[in-house]
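J.: Pasting a structure below so you can have a look.
The values are calculated or read from the model by the stated rules, or taken from the named source; none is laboratory data. Fair warning: this is a prediction, and the values are worked out from it, not measured in the lab. Virtual Cβ from ideal backbone geometry, glycine too; neighbours counted across all protein chains shown. The area values use the complete protein model at the heavy-atom level, side chains included, leaving out ligands, DNA and RNA. Shrake-Rupley method; radii C 1.70, N 1.55, O 1.52, S 1.80 Å.
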Amino acid sequence: MGEQQVFEFRGVDKLYYARILQDDAAGFICDTPKRLSPVAEIAKSTDSSNEAHYYDNKPLIVVASESADTIVITMAPPELSVLADIIGKGFDNTTGMMIDGPRANDYFAIMYRTKGTDGAYRYVSRLKGTFNIPEEDNTTENDGTDTTNTQITFTGIMTEHEFAKGVYKNGSWQAGSAKGVVVDERYGLVDFDDWFNAIQTPDSVQPSTAKHVTSVALDQSTLSLTAGGATATLVATITPADADNLNINWSTSNANVAIVDGVGTVTPIAEGEAVITVTTVDGGKTDTCTVTVAAGA
């Protein structure tokens, strides 16, 4: 898969939910995913422990345990119809009224994606859980900028259904339950165009048959030119070389200093500095070259 560049998480979006319609030995089926609400933060925690058991005064067995997932979602206050749906309350479409009556305890799946500082995403599907009834804190308006949002907890558990890709053991997959899947687009192995159209499971995520661009690199990171002098042509190398879409676009940060045409030829205009950027049409991968233009004679 190649060496992955270092990145940190900086962003989360596209939070979807879907009611689980079937979860048993015969199958796992969810309703069509719906957008929940603009999300500010998603924090997941899972308690786990390993404990040694002793026999003949020796630690001979290690017992491992794992708790349910606790996923705390901070988001803009959702529409009343959506809030009623996820916490099991009634909603009257004729009046736009949520009725805080007896609760229906349904199970849901959620999906979202997290963004890295490199601009790439990890796509997440949590397969089964319930939403808690969120606490609500409303304060009087003042001359400050303080506001309140909605924080709701999704408790994720294992499915009853056993997926074909449940447990990886001794070099092969065995059937097993699952709490979720995480797929990283940095590997370039999965097509995410239809990811949010259905809840993704271990068995529904398949390798893409398309060959997507994973990176682009220029042959030079710096150029020194003279205003009114000779041009220079940058060469962009796309990986993989047999990607389905090899189209690229060129741009300059300062057209008063240097311009670039559709084949990467840089023309110096006036003294100064400009950054030439190449961007792949597939995936938006980029690389740059800093052009320094000296004054002409």
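J.: Per residue, how much accessible surface does the chain expose to a 1.4 Å probe? Answer in Å², no decimals.
T.: Numbers: 17650 Å² over 297 residues.
For the chain, the solvent-accessible area averages 59 Å² per residue.
J.: Taking the Kirkwood radius as the inverse of the mean 1/r across Cα pairs, report the Rg/Rh of the chain.
T.: So for the chain, dividing Rg by the Kirkwood Rh gives 1.11.
J.: Do you know the relative contact order of the chain, to the nearest whole percent, from alpha carbon pairs under 8 angstrom that are 6+ apart?
T.: The value is 14 percent.
J.: Let me ask something else about it. Using a 1.4 Å probe on the protein heavy atoms, what percent of the accessible area of the chain belongs to carbon and sulfur?
T.: For the chain, the apolar C and S fraction of the accessible surface comes to 47 percent.
J.: Magnitude of the Cβ-charge dipole of the chain, K/R +1 and D/E -1, about the Cα centre, nearest 20 debye?
T.: Approximately 560 debye in magnitude.
J.: Nearest 5 is fine: what % of DSSP beta bridges in the chain come out antiparallel, could you say?
T.: 95
J.: Related question: Just to confirm a number: summing +1 for Lys and Arg and -1 for Asp and Glu over residues other than Asp106 whose beta-carbon lies under 9 angstrom from that of Asp106, what do you get?
T.: 0
J.: Between Ser172, Ser215, Thr148, whose Cα lies farthest towards the positive end of the dipole of the stretch 144-230 when Lys and Arg beta carbons carry +1 and Asp and Glu beta carbons carry -1, centred on the Cα centre?
T.: Ser172
J.: Moving to a separate point now. Tell me the net charge near Pro38. Cut-off is 15 Å between Cβ atoms, Pro38 excluded, with +1 for each Lys or Arg and -1 for each Asp or Glu.
T.: Once positives and negatives cancel, what remains is +2.
J.: Same structure, new question: What does the helix-only formula give at 222 nm for the chain: each DSSP H stretch with n ≥ 4 adding -39500 (n - 2.57), the total divided by the residues, and the result rounded to the nearest 500 deg cm²/dmol?
T.: Values: 1 runs with 8 residues, N = 297.
For the chain, the value works out to -500 deg cm²/dmol.
J.: Roughly how many whole Å is it from the C-alpha centroid of the stretch 104-183 to that of the stretch 59-73?
T.: 17
J.: Continuing with the same structure: Name the residue farthest towards the positive end of the dipole of the chain from the options His161, Phe192, Leu80, assuming +1 on Cβ of Lys and Arg, -1 on Cβ of Asp and Glu, about the Cα centre.
T.: Farthest towards the positive pole: His161.
J.: Just reorder Leu21, Leu36, Leu246 by solvent-accessible area, largest first, 1.4 Å probe, all chains present.
T.: Largest to smallest exposure gives the sequence Leu21, Leu246, Leu36.
J.: At R0 = 51 Å, how high is the FRET efficiency between Ala164 and Ile99 if r is their beta carbon distance? Nearest 0.05 is fine.
T.: Efficiency for this residue pair is about 0.75.
J.: On to the next question. For a quick size check, give me the Cα extents of the stretch 115-163 along its three principal axes, largest first, whole Å.
T.: On the principal axes, the stretch 115-163 reaches 54, 35, 7 Å in Cα extent.
J.: A further question on this structure: From largest accessible area down, sort Lys14, Lys44, Lys128; use a 1.4 Å probe on the protein chains.
T.: On the way: Lys14 65, Lys44 95, Lys128 15 Å².
Descending order: Lys44, Lys14, Lys128.
J.: Assign unit charges at the C-beta atoms only (+1 for Lys and Arg, -1 for Asp and Glu), then state the dipole size of the stretch 203-297 relative to its Cα centre in Debye, rounded to the nearest 20.
T.: 120
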